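Step one of this worksheet: look at the structure below.
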Amino acid sequence: VIPLKYHSVDESFSIGSLTIVASLDAVYKRLARKAFFILLSNAIKTFLVAAFILFVFQRLVTRHLIKLGNYLHDLKPGEAGTQIRLDRDGRGDDSPDELDHVVDAINAMQQTLNHEIRQLKETKDQLAKNRAKYLDLYDNSPDMHVSVDAKTSKIIDCNQTLADKLGHTKDAI
C-alpha cells in the first residue's frame with residue numbers, strides 16, 4: 001500500500017492510497033493462449049505435411065501397386081495377354097526403380113507361364129494320341145493280351161482277341 005498525497009505550495013493533504021496487487025493469473029492466461037495457438041499451428045502444419053507426403057506416396061507408389069494388383073487379379077494363365085506397363089510419365093530419369101523390377105518380373109513370369117502351359121497342352125495332346133494308338137494296337141492285336149494288377153493279381157483289362165478266344169465279353173473277363 002502506497003499513500004497518495006497532494007502537495008501544493010502551502011499545503012499537503014492525503015488523497016488516498018494506492019494498493020498494488022501482483023497476480024500471475026493474467027500471465028498464465030496469456031501463456032496458455034499462446035501455447036494453444038502454437039500447438040494448433042504446429043498441428044495444422046504437421047497435418048499439411050502428412051497430407052502432402054501421403055499425396056506424393058500415392059502418386060509415386062500406391063496407384064502403381066493398385067494397378068499391379070488389378071492386373072494380377074485379372075491375369076488368366078495360359079491366355080496370351082498384354083504385358084503390364086506402368087504410367088511413369090514425368091520422371092526425370094529413366095533408371096529402373098523397384099516398381100520397374102517388379103513389373104519386369106511379372107512380365108517375365110507371365111511369358112514363362114504361358115510357354116509352360118503351351119508345352120503342357122502339346123504334351124497332353126501328344127499323350128492322348130499315343131494312348132489312342134496304344135489302345136488301338138492293344139485291342140486289335142492278333143495276340144491275346146491281358147493286364148493284371150501286380151498287387152492284387154486281378155485282371156484290369158484284356159484285348160478283344162482274348163475275349164473272342166474265351167467266348168466272353170471284355171467286361172465279363
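At a Förster distance of 30 Å, what's the computed FRET efficiency of L120 paired with F57, Cβ-Cβ distance as r, to 0.05?
Between L120 and F57 the formula returns 0.15.
Tell me, rounded to the nearest percent, the portion of alpha carbon pairs in the chain spaced more than 25 Å apart.
For the chain, the share of Cα pairs beyond 25 Å comes to 74 percent.
GNM, the chain, Cα, under 10 Å: largest mean-square fluctuation among P142, P77, P96?
P142
Search the structure for amide H atoms under 5 Å from the amide H of D157, placed 1.01 Å from N in the peptide plane, and list their residues when 5 or more places away or on another chain.
S147
Pairs of lysines 8 or more apart, or on different chains, with alpha carbons under 17 Å: count those in the chain, would you?
6
Does anyone have the angle between helix 63-74 and the longest principal axis of the chain? Alpha-carbon axes, 0 to 90°, nearest 10?
Once rounded, one gets 20 degrees.
Taking the 0 to 90 degree range and rounding to the nearest ten, how far is the long axis of helix 98-140 tilted relative to the main principal axis of the chain, both from C-alpha atoms?
Compared with the principal axis, the helix lies near 20 degrees.
Counting just the Cα atoms, what span does the stretch 1-73 cover along each of its three principal axes? Round to the nearest Å and put the largest first.
105, 21, 9
Per residue of the stretch 42-55, in order, report the coupling 6.51 cos²θ - 1.76 cosθ + 1.60 (Karplus, θ = phi - 60°) as ³J(HN,Hα) in whole Hz, putting x for Gly and Pro.
For the stretch 42-55, the Karplus curve yields 5, 5, 5, 4, 4, 4, 5, 5, 5, 5, 5, 5, 4, 4 Hz.
Enumerate the calculated ³J(HN,Hα) couplings along the stretch 18-29 in order (Karplus 6.51 cos²θ - 1.76 cosθ + 1.60, θ = phi - 60°), each rounded to whole Hz, writing x wherever the residue is Gly or Pro.
Each residue of the stretch 18-29 in turn: 9, 9, 9, 10, 9, 9, 8, 4, 5, 5, 5, 5 Hz.
Determine, from the Cβ-Cβ distance of L40 and L86 and an R0 of 45 Å, the FRET efficiency 1/(1 + (r/R0)^6), rounded to the nearest 0.05.
Computed FRET efficiency for L40 and L86: 0.65.
Running a GNM on the chain with Cα contacts under 10 Å, which residue among V146, V21, V56 ends up with the highest mean-square fluctuation?
It is V21.
Name the most mobile residue of G69, G81, G16, meaning the one with the largest mean-square fluctuation, in a Gaussian network model of the chain with Cα contacts below 10 Å.
G16
Values in this text are rule-based calculations from the coordinates and carry no lab data. Only a predicted model underlies this, so the values are computations on that prediction, with no experimental measurement involved. In this analysis, Cβ positions are derived from the backbone assuming ideal geometry, glycine residues included, and neighbour counts consider all displayed protein chains.
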